[in-house]
Amino acid sequence: DSIQATSANMGKKNKRSGKQRAGKRPRRDESFDGFEDGPLEVELDFGKEQCSAAELLHMALDESVNCEPEVFKKLLEVSLKKFEEEYKAGDETDSFKYKYGTCLLELASEALVLEYATKSIEIFQELENKLEESKEEDKNSVGKEPEKPIKKVDVQEAIAQGWIEVARSHINQNDDAAADVAYDKALQFHNTCLKEIKDKEAKISKLISFSKRLQKYGLATSRSSALDMAVTQAKAATEEDKEAKLAWQQLGSSLMSVAKLAEDEEQESKYKEAEVALRSALGHESDSENAATLALLGTALINLGRIVESDEAAEKSIIEAGSVYQEASKLDPENGKYQAMVKMLSGS
């Protein structure tokens, strides 16, 4: 009984699920996404005019994990307004342009606005051309912001991610042909970029971030080919370094997304693959990353519990999910979502 009650609860928590069906297997769109009602809000108090566009963007990206999507979007919009003012005022350092493009890229992803995505590519391409011209003698990062010079591969990767957002906007406008062209361009830029990276850590980082972007795109557009590609990128990152915990975490996360869109008979094996990957991701030096991995593992176990045939296996999976979330809550007590999941799974 308790398992059925838990399943009914989960149906309510999952905003995308629609009504919970009677019967054992959930429909494809009914998989559980984890606890979505984040308790954390961010005060939108930007009375401090002295905040630069770059500082506002940094603040927005820092808060992105904790705040609701609408709040994150608002933070990005405030940053963008400031970037536009500073751009008109003549700030053209490489660092500024890179951050301006990043702000547009993130906003394109949150607001699904094609113009933001194309503008971000435009800014990044301007920057790429400039870096081409001034290869060795780039002195632009000296001055206001003493930062490392912007690398060409970082700009190419940002362009690749921009094309993914262009593709997503085209699908949103029901223009599949234009989306496919943009998607191909994204892969082309990404593959070019990977060939030029010699540093292992940098390559892993690029593979993970591209996998995340593909995963978001595949889920938003129900394109399983993009989700398969997200898995491929994450797998490549784990092959670069078997100890790269964040690569295993992303592999588990992307496999869960594949499972979500998979046919009924494939779902169980995909969730099991995700479970194996997520267990390999544990042992990160950061408690909050370990907690995030445990939360993903808990979600995979819940979904396994909902689709396995045997009631005994289902109960075992749900009970283990509860203890996994309990562990996540201990590692990151500030995150109210984990505690809420523990309560939900214990039926209280």
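The values are calculated or read from the model by the stated rules, or taken from the named source; none is laboratory data. The model shown is predicted, which means the values in this text are computed figures rather than measured ones. In this analysis, Cβ positions are derived from the backbone assuming ideal geometry, glycine residues included, and neighbour counts consider all displayed protein chains. In case anyone asks, the SASA skips ligands and DNA or RNA and just uses the protein heavy atoms, side chains included. Shrake-Rupley method; radii C 1.70, N 1.55, O 1.52, S 1.80 Å.
Computed quantities for the displayed model
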{"item": "Ranking by accessible area, most exposed first, for Val324, Val113 with a 1.4 Å probe", "result": "Val113, Val324"}
{"item": "Computed accessible area, Asp228, all protein chains, 1.4 angstrom probe, square angstrom", "result": "80 Å²"}
{"item": "Counted charge near Tyr116, where neighbours are those whose Cβ lies closer than 14 Å (Asp, Glu -1; Lys, Arg +1)", "result": "-3"}
{"item": "For Tyr338, solvent-accessible area (1.4 Å; no DNA, RNA or ligand), Å²", "result": "20 Å²"}
{"item": "Solvent-accessible surface (1.4 angstrom probe) belonging to Ile171, in square angstrom, nearest 10", "result": "30 Å²"}
{"item": "Computed E for Glu126/Glu285 - FRET, C-beta separation, R0 45 angstrom, nearest 0.05", "result": "0.75"}
{"item": "Set Lys151/Lys203; Lys151/Lys235; Lys74/Lys99; Lys206/Lys337; Lys88/Lys130; Lys185/Lys216 screened for pairs whose C-alpha atoms are more than 21 Å apart", "result": "Lys151/Lys235; Lys206/Lys337"}
{"item": "Ranked packing of 253-263, 52-62, most packed first, by mean Cβ within 10 Å", "result": "253-263, 52-62"}
